[in-house]
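Q: Below you'll find the structure I mean.
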């Protein structure tokens, strides 16, 4: 057999492959829980960020959402359009930057986010409970290091 190009003997020795598998599995749980509310995972993340930004007095724009969520611009834009149609989000021209849009979550959106956050956090709790508290803290520390080094292109 020809020499294979892989740097690992087994797929499960690859951190990238394991991260991919873990992410897909976790996302399936979240997707299933959100489907009954007719909300996608990106839409949920956007609304949760909007609620958090409002509580911390951020001047919330689409660019801020993109930067914090790491979602691509098109996903943020299309998600916001859908959320506006559903009455969960307001999007208006920014007061000082004519190129930007100010974004806020509506009372209806806040109600939905307050209902969904505990559901998502429970999924997280059950999913990550397979690892010890110490391992979870290590995972968070490692993920923060990796996320800080992410360069969007």
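Q: Taking the mean number of other Cβ atoms within 10 Å as a proxy for protection, how do you rank 139-148, 46-55 from highest to lowest?
A: Output ranking for 139-148, 46-55: 46-55, 139-148.
Q: Starting with the fewest neighbours, write out 133, 60 ranked by other beta-carbon atoms found within 10 Å of each beta-carbon.
A: 133, 60
Q: Highest GNM mean-square fluctuation, the chain, Cα pairs closer than 10 Å: which of 85, 34, 71?
A: It is 85.
Q: Calculate how steeply helix 15-35 sits against the longest principal axis of the alpha-carbon atoms of the chain, using the helix alpha-carbon long axis, and give the answer as 0 to 90 degrees to the nearest 10.
A: Tilt relative to the chain: about 40 degrees.
Q: Moving on to the next point. Per the helix-only calculation at 222 nm, which mean residue ellipticity applies to the chain, given -39500 (n - 2.57) for every DSSP H run of n ≥ 4 and division by its residues, nearest 500 deg cm²/dmol?
A: Helix-only estimate at 222 nm: -20500 deg cm²/dmol.
Q: Report, to one decimal in Å, the Kirkwood hydrodynamic radius for the stretch 47-107 based on all distinct Cα pairs.
A: One over the average 1/r among Cα pairs gives 11.5 Å for the stretch 47-107.
Q: Quick check: the angle from helix 41-55's long axis to the longest principal axis of the chain, C-alpha only, nearest 10 degrees?
A: It works out to around 60 degrees.
Q: Work out Dmax and Rg for the stretch 36-147 from the C-alpha atoms and quote the Rg first, both in angstrom.
A: Computed over the Cα atoms of the stretch 36-147, radius of gyration and Dmax are 15.6, 49 Å.
Q: Only Cα pairs within less than 10 Å get springs; with that Gaussian network setup on the chain, which residue of 70, 115, 95 has the largest fluctuation?
A: Looking only at 70, 115, 95, the largest GNM fluctuation is found for 95.
Q: Springs between alpha-carbon atoms under 10 Å, Gaussian network over the chain: tell me which of 75, 66, 96 tops the mean-square fluctuations.
A: 96
Where a number appears in this text, it was derived from the coordinates with a stated rule and is not lab data. Worth saying up front: this structure is predicted, and the values here are computed from it rather than measured. Quick reminder, even Gly has a Cβ in these numbers, built from the backbone with ideal geometry, and neighbours come from all protein chains shown.
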